[in-house]
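Please treat every number below as a calculation from the coordinates, not as lab data. Given the structure is predicted, the values throughout are model-derived calculations rather than measurements. Don't worry about glycine lacking a Cβ; one is built from the backbone with ideal geometry, like all the others, and counts go over all protein chains shown.
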Amino acid sequence: MSVLVTGASGYIGQALTARLQQQELAPVLVSRRGGAARGGLARHAVDFATESLDESLLQGVSTVYHLAGIAHTQAPAAQYAAVNCRATLALAAAAERAGVHHFIFVSSVKAMGPSATSMPRREMEVSAPADAYGRSKWEAECALRERFHHSAMTVIILRPALVYGPEPKGNLKWLLRAARFGLPAPPAGGARSMIGLDDLVELLLLLPGTGLSGVNTFNVADGRAYSTRETYQLLRAALGKQGPGVSSPAWLWRVLASLLDLVQRQAQGASFDKLFGAERYDNHALLQATGWVPRDTLATVAPAMASAGECPP
């Protein structure tokens, strides 16, 4: 039996593909543009915004890892719904018809909507998603739970927190740049859950053998909460910069965050809220159901993040 990976050219998809190849597996790889993966495996080109997967690719597949989706892009709400929700449900239905045993959907903590408190949230503690991305992930989750709760195919929905690893993305990339250029340290405040890339991949590989059945939904985090200041200081230390550095007032970081909003073409205030808000997620249900235990922390991975060099914009 084989496995199929969508979004194989993405940040998580590339890491998962590499681990599957280390296990001497030849996964079926799918990405929007196709091409070749590291190691020479071909990726099948499928644009889920306009087309469906050729179901012949599912023959002999025991596990589907569905990582493909629209994330950090300013797209119309209809496109988020088409790719992140409707295409996910169509792929899961095709997988069921093909006799796939496990359908693993990588959703997001953004499906849970904004938090009303600073306490870690469990899976059922949700509010209305604040944007089209979160809403599309939530609607996909709801559709999977409704459609497959009596299916012989096990469906596992994962909600990863912010993923850290070599060549970081999003705000971690910008914080690394700020630390590299010696900008003043952020003010105190805020705390957010994160998960290491290697730990997330280990979890993905573990899930088919855990004996889970039905539809399962889990938060994925390393069990710690990181403030922006702590994150910044860990990156400074990994870059070999001594001491805590000069602190700066909140207004300066609000200005910097506003500039970042312009660069990333997002609503004013979004970057500051992400940097200094509270986004904490409880991972105990996942640990109890699977026996998975995260090994990494931001402190152990920060040196690899720093040594990866300056990330391209």
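Sort 228-235, 95-102, 267-274 by packing, meaning the average of other beta carbons within 10 Å per residue, with the highest value first.
On the way: 228-235: 21.5, 95-102: 18.1, 267-274: 15.9.
Taking the mean over residues of other Cβ atoms within 10 Å, the ranking is 228-235, 95-102, 267-274.
Ordered by the count of other Cβ atoms within 10 Å of each Cβ, fewest first, TYR226, TYR164 give TYR226, TYR164.
Take every pair of alpha-carbon atoms less than 8 Å apart whose residues are at least six positions apart; their mean separation over the length of the range 1-70 yields a relative contact order of 42 percent. The calculated Kirkwood hydrodynamic radius for the range 168-313 is 16.7 Å, given to one decimal from all distinct C-alpha pairs.
Pick from ARG254, ARG135, ARG159: which residue has the top mean-square fluctuation in a GNM of the chain where Cα pairs under 10 Å get a spring? Among ARG254, ARG135, ARG159, the largest GNM mean-square fluctuation belongs to ARG254. Across every pair of non-identical alpha carbons in the range 1-157, the mean reciprocal distance, once inverted, gives a Kirkwood radius of 16.1 Å. Taken about its Cα centre, the chain carries a charge dipole of about 740 debye when Lys and Arg each add +1 at the Cβ and Asp and Glu each add -1 at the Cβ.
Pairs of lysine residues in the chain that meet both criteria, 8 or more places apart or on different chains and Cα atoms under 18 Å apart, total 6.
Our summary gives the range 85-228 a relative contact order of 29 percent, counting only alpha carbon pairs under 8 angstrom and 6 or more residues apart.
With only alpha-carbon atoms in the gyration tensor, what are the semi-axes of the equivalent ellipsoid for the range 192-240, in Å, largest first? Please list the in-between numbers first.
Numbers: eigenvalues 191, 33, 5 Å².
Rounded to whole Å, the semi-axes are 31, 13, 5.
Per residue, what volume in Å³ does the convex hull of the Cα atoms of the range 258-310 enclose?
Values: hull volume 7.6 nm³, N = 53.
Convex hull of Cα atoms, per residue: 143 Å³.
In a DSSP loop and with at most 14 other Cβ atoms within 10 Å, the trypsin sites (Lys or Arg not before Pro) in the range 1-85 are ARG33, ARG38.
Using the Cβ-Cβ distance between HIS284 and GLN242 with R0 set to 30 Å, the FRET efficiency from 1/(1 + (r/R0)^6) comes to roughly 0.20.
Test of understanding: express the Cα radius of gyration of the chain as a ratio to 2.2 N^0.38 Å, with N the residue count.
Details: Rg = 19.4 Å, N = 313, 2.2 N^0.38 = 19.5 Å.
Dividing the Cα Rg of the chain by 2.2 N^0.38 Å gives 1.00.
Close amide-amide hydrogen proximity is noted between GLU279 and ALA191, ARG192, SER193, each under 5 Å apart and 5 or more residues distant or on a separate chain (H modeled in the peptide plane; Pro and chain starts excluded).
Averaging 1/r over each pair of different alpha-carbon atoms in the range 130-239 and inverting the result gives 16.3 Å, the Kirkwood hydrodynamic radius. Spatially, the range 103-142 and the range 12-72 are offset by 25 Å when compared through their Cα centroids. Computed from the C-beta positions of SER127 and ALA18 and an R0 of 41 Å, the FRET efficiency is 0.70 to the nearest 0.05. Between ALA267 and THR210, the simple spin-label model (points 7 angstrom out along Cα→Cβ) gives 3.2 nm.
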